[in-house]
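Working notes, beginning with the structure itself.
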Amino acid sequence: MKFFVDTADTKDIADLAATGLIDGVTTNPSLIAKSGRPFAEVIAEICALVDGPVSAEVVATDYDGMIKEGRKLAKIANNVTVKLPLTLDGLKACKTLTGEGTQVNVTLCFSANQALLAAKAGATFISPFIGRLDDINLDGMELIQEIRQIYDNYLFDTEILAASIRTPNHVKLCALVGADVMTAPPAVIKSLVNHPLTDKGLETFLADAKKAGIKV
Ligand code: E4P
């Protein structure tokens, strides 16, 4: 499963990229706004920090506007993935932009039928939002499973990019049900390494090594 980091904070991205564990980045207008920096500038900087896909979202809602913004975003760097909302205009724009060779991430997916449409529109990635479904007492992980089955039934190339991930357990379940990619905030990705028995074991090994005067 590929790991994307869901943030527009370039310091966090640089730190995680240095681990070699990050395959791409996702942003959205709320994350860009939080960075307090100009849109194009922050996307260009992120694209230089990672080799993989960097999702940059349009803010237009009509087809012509999305195409115009999508083409502009695609020019920022070779690894820009244009993020489009799951609306009819968004799907139409997806078809056009992928036809031009631009990678497209169709976002704000909350149902299997929406994911089916995105695949038919040639989306590179579909982003089902797990956490936001869980927030309203629905089962985000069930949606990932349904999309996996549909895409496998018809051999769609569209990659399932599990989004709105809030917990380490979400990450594990995504891997178990076969999401292609997961995107999570830096804190969630960093927390995956934690285990109290690892800390305790390391402490004991180091204490024993010190007592015995072991040097490597
Ligand atoms: C994904 O592309 C979105 O930016 C993100 O995962 C949304 O997460 P949230 O529901 O926690 O805001």
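The values are calculated or read from the model by the stated rules, or taken from the named source; none is laboratory data. Given the structure is predicted, the values throughout are model-derived calculations rather than measurements. Cβ coordinates were reconstructed from backbone atoms using ideal geometry, including for glycine residues, and neighbour counts include every protein chain displayed. With ligands, DNA and RNA removed, areas are computed over all heavy atoms of the protein, side chains included. Shrake-Rupley method; radii C 1.70, N 1.55, O 1.52, S 1.80 Å.
Observations, loosely collected:
- Filter result for Thr61 (outside any helix (DSSP H, G or I), among the hydroxyl-bearing types (Ser, Thr, Tyr) and within 18 Å of the chain's Cα centre (by Cα)): no
- Residue list for region 162-184, restricted to those being near the ligand (Cβ under 9 Å from one of its atoms), crowded, with 18+ Cβ neighbours inside 10 Å and of a type outside the set (A, V, I, L, M): Ser164, Thr183
- Those residues of region 119-160 which are open to solvent by 60 Å² or more (accessible area, probe 1.4 Å), under 14 Å from Asp180 (Cβ atoms) and of a type in the set (A, V, I, L, M), in sequence order: Leu155
- Residue count, region 68-79 (criterion: open to solvent by 10 Å² or more (accessible area, probe 1.4 Å) and either in a helix (DSSP H, G or I) or within 14 Å of the ligand (Cβ to nearest atom) (or both)): 6
- Region 62-94: number of residues that are within 12 Å of Thr124 (Cβ to Cβ) and among the basic types (Lys, Arg): 1
- Search result, residues across region 112-123 that are within 15 Å of the ligand (Cβ to nearest atom) and either in contact (Cβ under 8 Å) with a residue 60 or more places away in the chain or in a helix (DSSP H, G or I) (or both): Gln114, Ala115, Ala118
- Conditions (1) among the hydrophobic types (A, V, I, L, M, F, W, C); (2) more than 30 Å from Thr124 (Cβ to Cβ); (3) surrounded by 13 or more Cβ atoms within 10 Å (Cβ to Cβ): number failed by Val188: (2)
- Failed item in (1) in a loop (DSSP other than H, G, I, E, B); (2) buried (at least 17 other Cβ atoms within 10 Å of the Cβ); (3) of a type in the set (A, V, I, L, M), with Val106 passing the rest: (1)
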